[in-house]
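Here's the structure we're looking at; comments come further down.
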């Protein structure tokens, strides 16, 4: 089955070619930092020789957030995710890390390699987003602009503190937001406060690209 590859472009775009020998590839989607535009243009030209369709998107601003948003949006619109791969070896250090993490939370296979060998990274193939139920997402949305107390969130969402605590802390059968690494809690002025972790902010940004996450 022909594959589509999402590929951040950095200082080693030629490392994509072992993957082209390993897989039947019909489409490569390039994520490009401004400083690597020339590399992306050269890679696009080389891929045309193999009759591989290419598309490009610029990465701008916060590279981690933008990579999460771009990969999540592409994944949502892709009809057959089993045939969607993320090849990270071509990126620079930052885009490699961001693309690997984005592949993980979206349940995609991530690959890297050398000039001769392709490696499948040990990323668990399940979507982190599928684990976040609507109520948990609504809690995350409440935290988009910063830390809040559990009492404030309970009132805003019109749910009991016990139900809110269940979603935050979880139980033996269901992970809570704390165990998932999405929120942190702290005690201030005799109240429990909750805030998004860096992972929580990235996940929320991927869910809602237009959301102004702190």
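The values are calculated or read from the model by the stated rules, or taken from the named source; none is laboratory data. Keep in mind that what you see is a predicted model, and the values were worked out from it rather than measured. All Cβ positions, glycine included, derive from the backbone under ideal geometry; neighbour counts span all protein chains shown.
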Among the residues of the range 122-145, is any under 30 Å from residue 37 (Cβ atoms) and in contact with a strand residue (DSSP E or B) (Cβ under 7 Å, 6 or more places away or on another chain)? yes
Do the conditions hold for residue 194, that is, is it in contact with a strand residue (DSSP E or B) (Cβ under 8 Å, 6 or more places away or on another chain) and closer than 27 Å to residue 73 by Cα? no
Restricting attention to the range 182-199, does a residue exist that is modelled with pLDDT under 90, within 27 Å of the chain's Cα centre (by Cα), assigned to a helix (DSSP H, G or I) and not assigned by TED's automatic domain parsing to the domain that holds residue 106? yes
Exactly one of these conditions fails for residue 157: (1) out of contact with any strand residue (DSSP E or B) (no Cβ under 9 Å at 6 or more places or on another chain); (2) in contact (Cβ under 8 Å) with a residue 40 or more places away in the chain. Give me its number. (2)
Residues of the range 52-84 being part of a loop (DSSP other than H, G, I, E, B) and modelled with pLDDT under 95, in sequence order, are 60, 61, 62, 77, 78, 79, 80
Out of the residues in the range 48-70 that are surrounded by fewer than 20 Cβ atoms within 10 Å (Cβ to Cβ) and farther than 17 Å from residue 34 by Cα, state the one that is farthest from the chain's Cα centre (by Cα). 49
If you go through the range 71-105, how many residues are surrounded by 14 or more Cβ atoms within 10 Å (Cβ to Cβ) and either in contact (Cβ under 8 Å) with a residue 40 or more places away in the chain or within 17 Å of residue 19 (Cα to Cα) (or both)? 23
Among the residues of the range 24-32, is any surrounded by fewer than 16 Cβ atoms within 10 Å (Cβ to Cβ) and either modelled with pLDDT under 95 or under 19 Å from residue 118 (Cβ atoms) (or both)? yes
